[in-house]
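Have a look at the structure below before the remarks.
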Amino acid sequence: MPETAKDSPGTLARTLVRACDKAVLSTVLTRDGLAGWPYGSLVLVATDHDLSPLFLISTLADHTKNLAQDGRASLLVDGTAGAADPLTAARLSVLGRIAKDPSDGARARFLARHPSAEMYAGFGDFAVWRMTIEAAHLVAGFGKIHWLTAADIAPPAPPPALVAAEADIVAHMNGDHADAVDLYAQKLLQRAGSGWRLTGIDTEGCDLRRDGEVARLAFRTLVTTPEAARAELVRLVKQARAGA
């Protein structure tokens, strides 16, 4: 059964994946003389509604050449930023198989998360690839170590109506309610600066970005429709204005 408790290992793992925008991708090297060795590389990451990590990568890169022959991979998600002792903070190794995903939805989600990638997304050697999660290993501090199945960290099933409305919701918030998005970051997430933008929304929360910074804002309850999303976003801005 998927974890649902707020402080469960599954929920923490899910939060780490949703919050990251870069990670270390380890693939099985295919280069002559080094075939079979693990190969780690830094990649930009977005996350689809079903929690699948998404990558926009080039066929010229070694990691893409490796994946073309062996789709097995591990993704190290680092949640230790700012910790005085990183070994007491959370990190997650996600294991899965990676393959090309030509869908418009995956591409749109990646580019919303990483707008700077627009400059090379149209190059012929670049494509979006998706990881199908099979297992994960969570280390959340000393003695807090868990092996998790894909079901353990799976989010609620993505509601089709919310998925279809996501782009409109994000555009509306950024275009008409930029002040509210700044309040989410500044008052609810204690992040500095203005110019924050919404990059995505799903059943459990929404994602924000300001230049090189990203942030994740959790919803109080699950959101399954565009109307429920609007109500929750309104509630959150009222909470932020109240200073809570």
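Screening ARG220 on (1) without any contact (Cβ under 8 Å) to a residue 40 or more places away in the chain; (2) closer than 20 Å to LEU111 by Cα shows it passes everything except condition (2).
Go through THR59, THR80 for me and flag whichever is touching a helix residue (DSSP H, G or I) at 6+ places or on another chain (Cβ under 9 Å), at pLDDT 95 or above and either assigned by TED's automatic domain parsing to the domain that holds ALA46 or closer than 16 Å to LYS22 by Cα (or both). Steps first, please.
Details: THR80 fails: at pLDDT 95 or above.
Within the list THR59, THR80, the selection yields THR59.
With respect to (1) surrounded by 12 or more Cβ atoms within 10 Å (Cβ to Cβ); (2) β-branched (Val, Ile, Thr); (3) within 20 Å of PRO9 (Cβ to Cβ), the lone exception for ILE145 is condition (1). Whenever a residue of the stretch 145-164 is under 21 Å from ALA112 (Cβ atoms), it has no partner that is modelled with pLDDT under 95 and among the hydrophobic types (A, V, I, L, M, F, W, C) lying with C-beta atoms less than 8 angstrom away and at least six residues away or across chains.
Return yes when LEU51 is surrounded by 14 or more Cβ atoms within 10 Å (Cβ to Cβ) and either assigned by TED's automatic domain parsing to the domain that holds ASP207 or not basic (Lys, Arg) (or both) and no when it is not. So that I can check it myself, show each step before the final result.
Details: surrounded by 14 or more Cβ atoms within 10 Å (Cβ to Cβ): yes; either assigned by TED's automatic domain parsing to the domain that holds ASP207 or not basic (Lys, Arg) (or both): yes.
Considered against the rule, which asks whether it is surrounded by 14 or more Cβ atoms within 10 Å (Cβ to Cβ) and either assigned by TED's automatic domain parsing to the domain that holds ASP207 or not basic (Lys, Arg) (or both), LEU51 comes out as yes.
Only residues that are under 18 Å from THR47 (Cα atoms) and either in contact with a helix residue (DSSP H, G or I) (Cβ under 7 Å, 6 or more places away or on another chain) or not assigned by TED's automatic domain parsing to the domain that holds ARG235 (or both) were counted across the stretch 176-202, and they come to 5.
When ALA13 is tested against (1) outside any strand (DSSP E or B); (2) under 22 Å from GLY124 (Cα atoms); (3) of a type outside the set (Val, Ile, Thr), just one condition goes unmet, and that condition is (2).
Screening the stretch 74-107 for residues that are of a type in the set (A, V, I, L, M) and either free of Cβ contacts under 8 Å to residues at least 24 places away in the same chain or touching an Asp or Glu at 6+ places or on another chain (Cβ under 8 Å) (or both) and picking the one that is surrounded by the most Cβ atoms within 10 Å (Cβ to Cβ) gives ALA106. Taking the criterion of being surrounded by 17 or more Cβ atoms within 10 Å (Cβ to Cβ) and of a type in the set (A, V, I, L, M), the residues of the stretch 155-170 that qualify are LEU162, VAL163, ALA165, ILE169, VAL170. Evaluated against (1) among the small types (Gly, Ala, Ser); (2) closer than 23 Å to HIS114 by Cβ; (3) touching a residue at least 60 places away in the same chain (Cβ under 8 Å), ALA192 falls short on exactly one condition, (3). Restricted to the stretch 1-27, and to residues there that are of a type in the set (Lys, Arg) and at pLDDT 95 or above, the residue that is surrounded by the most Cβ atoms within 10 Å (Cβ to Cβ) is ARG14.
Looking at LEU56, LEU60 in this structure, which one is surrounded by fewer than 21 Cβ atoms within 10 Å (Cβ to Cβ) and more than 15 Å from ILE153 (Cβ to Cβ)?
On inspection, the qualifying residue turns out to be LEU60.
The values are calculated or read from the model by the stated rules, or taken from the named source; none is laboratory data. Computed from a prediction, not measured in an experiment: that's the story for all the values here. For neighbour counting, all protein chains shown are included, and Cβ atoms are generated from backbone atoms with ideal geometry for every residue, glycine included.
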